[in-house]
Amino acid sequence: MTSTTTRSRSTARAAALGALVIGLAAGCGGDSGSDEAPAVQGPGASEEESGSAASDGASDDGGEAPAAGAAALPADADLATEQLPITAEKAVEIGLGAAGGGELVQIEIDHDDDVWEWELEIVDGGRQHDLDIDATSGEVTEHDQDDDDDQDPAVDVTSPMPYAEAIEIALGKEPGRVSGWDLSSDDGRIHYTIDIDRSSGDDDVEVEVDVETGEVRVDD
């Protein structure tokens with residue numbers, strides 16, 4: 001009797017232990033599955049974020065595209081009312097970059113050979129840089145260098161008189177279409193020369209505007 005009872009108790013304990021092991025195994029399997037779930041979702045979320053970032057990048061590029069493909073102004077554009085894709089300030093920045101620094105001593109804009117073009121003269125340490133810059137694309141189409149012995153003063157399209165102000169003064173004297181302009185010096189006197197097609201239909205006229213005094217002189 002004692003032997004039979006002992007074996008029964010051992011069998012019961014073995015069965016209980018087996019059930020416990022099975023239960024633990026099942027529990028571990030469930031935890032493992034839940035641990036893997038984030039790992040499966042992680043890459044998916046990462047890919048979505050990457051796609052969003054790529055989409056944002058494309059949007060940024062798309063926003064810049066119009067500036068890169070700016071339309072050229074027609075040959076008969078009025079520079080008093082229409083703005084070139086490459087402004088005077090931007091042309092100076094491009095020119096100084098191409099020359100490696102220096103001072104601007106002359107700048108001119110006109111329509112020549114079917115394109116609007118900036119012409120800059122920059123002096124840097126006794127070296128003169130003559131640059132042509134496409135006023136639509138900003139491309140430096142020509143860059144010549146030579147020694148410079150002149151002591152021409154530096155000019156600035158924003159100070160003491162911005163070119164827009166010089167144009168306004170010139171048109172107050174001679175109404176018409178502004179077809180081009182120049183900022184340079186003559187005997188140390190810095191002045192704008194505004195090219196105007198007279199609205200009366202007469203010949204073109206050049207109007208000089210002194211940047212310091214605002215004095216106007218008409219050159220027929």
Inside the range 162-179, the number of residues satisfying the requirement of being buried (at least 19 other Cβ atoms within 10 Å of the Cβ) and closer than 24 Å to Leu120 by Cα is 6
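Take the range 70-82 and flag every residue that is open to solvent by 60 Å² or more (accessible area, probe 1.4 Å) and either modelled with pLDDT under 90 or within 17 Å of the chain's Cα centre (by Cα) (or both).
Ala71
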Residues in the range 88-116 that are open to solvent by less than 30 Å² (accessible area, probe 1.4 Å) and closer than 20 Å to Tyr163 by Cβ: how many?
9
Among (1) buried (at least 17 other Cβ atoms within 10 Å of the Cβ); (2) part of a strand (DSSP E or B), which single condition is Pro85 missing?
(2)
Give the residues of the range 117-127 that are buried (at least 18 other Cβ atoms within 10 Å of the Cβ) and more than 15 Å from Val140 (Cα to Cα), sorted by residue number.
Val123
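The values are calculated or read from the model by the stated rules, or taken from the named source; none is laboratory data. All figures in this text were calculated on a predicted structure; none of them were measured in a lab. Using ideal geometry, Cβ is built from the backbone for each residue, glycine included, and neighbour counts are taken over all protein chains shown. Just so you know, the surface numbers come from the protein's heavy atoms only, side chains and all, with ligands and any DNA or RNA stripped out. Shrake-Rupley method; radii C 1.70, N 1.55, O 1.52, S 1.80 Å.
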